[in-house]
Each structure stands twice: as structure tokens, then as C-alpha cells.
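The values are calculated or read from the model by the stated rules, or taken from the named source; none is laboratory data. What you are looking at is a predicted structure, and each value in this text was computed from that prediction instead of being measured. For neighbour counting, all protein chains shown are included, and Cβ atoms are generated from backbone atoms with ideal geometry for every residue, glycine included. Accessible surface areas use protein heavy atoms only, side chains included; no ligands, DNA or RNA. Shrake-Rupley method; radii C 1.70, N 1.55, O 1.52, S 1.80 Å.
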Amino acid sequence: MDQGRSLKRVVGALLVLASCRSSRGERSAPPGPAWLRERGREEAVLGARSSTFHEFRYADRLEASGITFENRIVDDAGKAYKKVHYDHGTGLCAADVDGDGLPDLYFVTQLGPNELWKNLGGGRFANVTDEAGLTMPDAVAAGCRPQGMKPDEELAYDFCDELFRTHGVSEVTYRRAIAQLGERGVIDLLGLVGYFTTVSMVMNVAHTPPPEDQSVAALAPFPP
């Protein structure tokens, strides 16, 4: 299984976010079952009524970006592969590392060196891993806890990390959270995580229309 090529295609799609444009031109009829095409027509009607930015397009900008990073996995993971972000050490982080106002990209892989790519502007990136002192040849990466956090940030990270991994928290973690944040703070933290997780899932599944547009009718449910 070539996980490197797969990640390259994902990266190519992500890079287009800097150049996506709205287009209201007619789309060609998508392939698929009749009910899916009907859903597409319903969404087109809803989209035409919405003032929210939509109908952006994706384009493959990998070659133009200059990025050559490849994700690599250990042999046993390739035999029965199941991505687990918490311990496979793979992923992508976007942040302005050098403070120039442009989001740089940090790629992590399970096997071999992670790579830091500086944003040069215009959709172009340069590998600055060596000069940044981040080269780790033949290293096996595993999910790890960030360093340099403030006490409340450490608590929030540990609490949420354990919650997402185990669908709950231990008594030790809970009491630590109470001591650091207080009961009200723990409730606020849980509410924040739970609220946005639930809202995101519901909106993704239901294709929820913009709430500010009262003229938009609810979509019909998926057929059984």
C-alpha cells in the first residue's frame, strides 16, 4: 500500500485552499444513484439561496508547491493497516513558525524524518527541516504530548486527549481538572468539547442549511 502517494494527493487538495474561488456555473451531472443526484439538486437549490461562501473548487497543486514529503510506515503496520493518529505519529500541522504571516507546514510520519516546509508565498514551499534542527533520520514517531504549555493548557490538553482516546477520564484526571479549573471550569470544558463535536457531526450528516436563512427548507432524510 503506497501511503506516500495517498498523502500527497491530500496535501495537493489542502494547498488549493489558498486559491479557491467561488463559482456559480452549472456543474455536469455527477455519477451515482438517482437518490444521490436528487440530493445534489436539492443542495444546489439551497446553495443558490445562501449568502455563505460556497461552491469552491479543489485543484492539484502538489507539483507547483515543491513539496516532496512522503508518509512512511513500519512493515507490520502495512500488513494490516489501520490508521490510528494517536500512536502512528502521522499528520499535518499548519502554523506560522517564522512569524512572516504565512502558514508553514509540518509533516509527521511514522517512520523516518518529519519535515518542516516554509511557506514562500504563492503556493510555493521550501524544505527547511535541516536548518531548523529537526532532522531525525530513521526515527519512529509516536504521538506525544506538546512541551512548554502553561499549567491550565497542560490540563486541558491531557483531559481532552484522554476523553477522545478512552471516551471518558479517570478519577485521577478528573480530580486534577477539578483542582486546576474548578467544577465550573470542568463543566465549561466538557460543554465546549461536546457541543462542537455534536454540532459538527449533526451538520455533516444532515447537510444542515444556514440557520440565518429562514426560507431554507429542511432536506429530506436519506432513503433507508
*Please give the number of the condition Val16 fails out of (1) touching a Lys or Arg at 6+ places or on another chain (Cβ under 9 Å); (2) aliphatic (A, V, I, L, M); (3) at pLDDT 70 or above.*
(3)
*Set Asp75, Asp104, Asp87, Asp98: member being more than 21 Å from Arg165 (Cβ to Cβ), modelled with pLDDT under 80 and of a type in the set (Asp, Glu)*: Asp75
_Of the residues Leu120, Leu105, Leu92, only one is open to solvent by less than 30 Å² (accessible area, probe 1.4 Å) and either touching a Cys at 6+ places or on another chain (Cβ under 9 Å) or aliphatic (A, V, I, L, M) (or both); which?_
Leu105
*Segments classed as strands (runs of 3 or more DSSP E), wholly inside the range 104-194, with at least 1 members that are of a type in the set (S, T, N, Q)*: 115-121, 124-127
